[in-house]
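Comments concern the structure below.
What follows draws every value from the coordinates through simple rules; no lab data is involved. Remember, predicted model here, so these are calculated numbers, not experimental data. Counting neighbours? That spans all protein chains shown, and the Cβs are built from the backbone with ideal geometry, glycine included.
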Amino acid sequence: MGTMAEAAPQTPARPRRSYGSLTGLLVVPASLWYLVLLVVPLLIVVVMSFGEKSRLGGYQPAFTLDNYIDALDPQRVSPFITSLAMAVSGTILCLLAALPIAYFIATRGGRRKSLLILLLIVPFWTSFLIRTYAWLTILGPDGLGGFIGTLIGDSSFRILGTPFAVLLGIVYAYLPLMVFPIYVTMERMDRTLIEASKDLGASRWGTFRQVTLPITATGLITGSILVFIPLMGEYVVPAILGYGRVFLIGNQLVLQFLESRNWPEGSARAVVLIAIMLVTVIFYVWFVNRGRRTREVSVL
């Protein structure tokens, strides 16, 4: 037995360093992409935010905090407040609309799941700009706006140029970004948990609140972030459907960079916008995770 054991070939263990080197090589392209297209432009914006406007417009090297003082001036922060309010409202509306859609597709779709998902993807086959312009006809005087004005007897009634029109366009444009993450988490959910909850006497609302909602929290967080971040810098929808009357920070940045050519002040506002988004997302994730832990303790 000892001779046979000694004669048996032994396969040499592969060094772990080779796997680490391979992982490092695979990460290099993504890291370079992230560095060149995100980190470097962000650093350029931060550096420009401390500069001054040159005589002919653009950027002149300097170090001053006047741009941040002007950006945080209480009399000039209304675009930030409006953008934050519209982003939060749009995210909540997308969430309220996406939950039943994702729940229906995941639990009641059956053989039609692929068709229903395809119907959600089809709008992305068309340009975002064209889809937004289509709402001008739908909400215009010859469309829904004129119809409602006729019903209430007010010929001056208009939907376009109001926050409602902007919110409607936002929900239409970003709803699929909220539906897909929630649908994925609901699709992977263990159905036996729902059956066990019903067997224990829980109502449908209780099952949804205590079982379905906590399990799909990951999808809710992902979808909310995917919707909230681009909404904070939205420009196309308020410019087209809001007629420029709903003035968001995206509109302000366009004016600063393209029309007044005050790049340092526009960069300062962009940095403040990034900080607001970062703080809001961190607080939202903390709040949701805290709620999940509280529910787990209450169940135990």
Which loop trypsin sites (Lys or Arg not before Pro) in segment 178-239, with loop taken from DSSP, have no more than 16 other Cβ atoms within 10 angstrom of their Cβ?
Arg188
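Which whole-number percentage describes the relative contact order of segment 125-226, with Cα contacts under 8 Å and a sequence gap of 6 or more? Before the final figure, lay out the partial values.
On the way: 68 pairs, mean separation 24.5, N = 102.
So the answer I get is 24 percent.
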20 Å reach of a label modelled at Ser127, 7 Å along Cα-to-Cβ, counting backbone N of segment 220-241
234-241
Put +1 on the Cβ of each Lys and Arg and -1 on the Cβ of each Asp and Glu in segment 186-300; which of Leu258, Val271, Val211 then has its Cα farthest toward the positive end of the dipole?
Val211
Suppose R0 equals 41 Å. What FRET efficiency, 1/(1 + (r/R0)^6) with r the Cβ-Cβ distance, do Asp154 and Leu95 give to the nearest 0.05?
0.80
Estimated [θ] at 222 nm from DSSP helical runs (n ≥ 4, -39500 (n - 2.57)) normalised by residues in the chain, nearest 500
-22000 deg cm²/dmol
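What length, rounded to one decimal in nm, is gained on full extension from Thr64 through to Val39, with 0.36 nm per residue of separation minus their alpha-carbon distance? Can you show the working numbers first?
Working: separation 25, 0.36 × 25 = 9.00 nm, distance 2.24 nm.
Separation in residues times 0.36 nm, less the Cα-Cα distance, equals 6.8 nm.
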Relative to the compact-globule estimate 2.2 N^0.38 Å (N residues), the Cα gyration radius of the chain stands at a ratio of 1.36
Could you give the nm distance between label points at Leu200 and Arg111, where each point is 7 Å from its Cα heading toward the beta carbon?
3.6 nm
Work out the charge dipole of the chain with +1 on the Cβ of Lys and Arg and -1 on the Cβ of Asp and Glu about the Cα centre, then indicate which of Trp33, Thr150, Gln75 is farthest towards its positive end.
Trp33
Rounded to the nearest 0.05, what FRET efficiency do Leu136 and Val254 have when you use their Cβ-Cβ distance and R0 = 22 Å?
0.65
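Magnitude of the Cβ-charge dipole of segment 100-164, K/R +1 and D/E -1, about the Cα centre, nearest 20 debye?
Details: 6 positive and 2 negative charges, 107 e Å.
Value, rounded to 20: 520 debye.
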Relative contact order [Cα under 8 Å, 6+ residues apart], the chain, whole percent
27 percent
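Is any helix in the chain, taking whole DSSP H runs, at least 18 angstrom long along its axis by alpha carbon and on average at least 0.0 on the Kyte-Doolittle scale, and which ones? The partial results should precede the final answer.
Values: long enough: 16-34 (27 Å, 0.39); 78-108 (44 Å, 1.55); 163-187 (34 Å, 1.63); 217-232 (22 Å, 1.94); 263-299 (54 Å, 0.71).
Span-like helices here: 16-34, 78-108, 163-187, 217-232, 263-299.
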Springs between alpha-carbon atoms under 10 Å, Gaussian network over the chain: tell me which of Pro141, Pro29, Pro41 tops the mean-square fluctuations.
Pro29
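Using a simple charge model, +1 on the beta-carbon of Lys and Arg, -1 on the beta-carbon of Asp and Glu, nothing else, what dipole does segment 70-289 show about its Cα centre, in debye to the nearest 20? Don't jump to the answer; show the numbers that get you there.
Values: 15 positive and 11 negative charges, 134 e Å.
With only Lys, Arg, Asp and Glu charged at Cβ, the dipole is about 640 debye.
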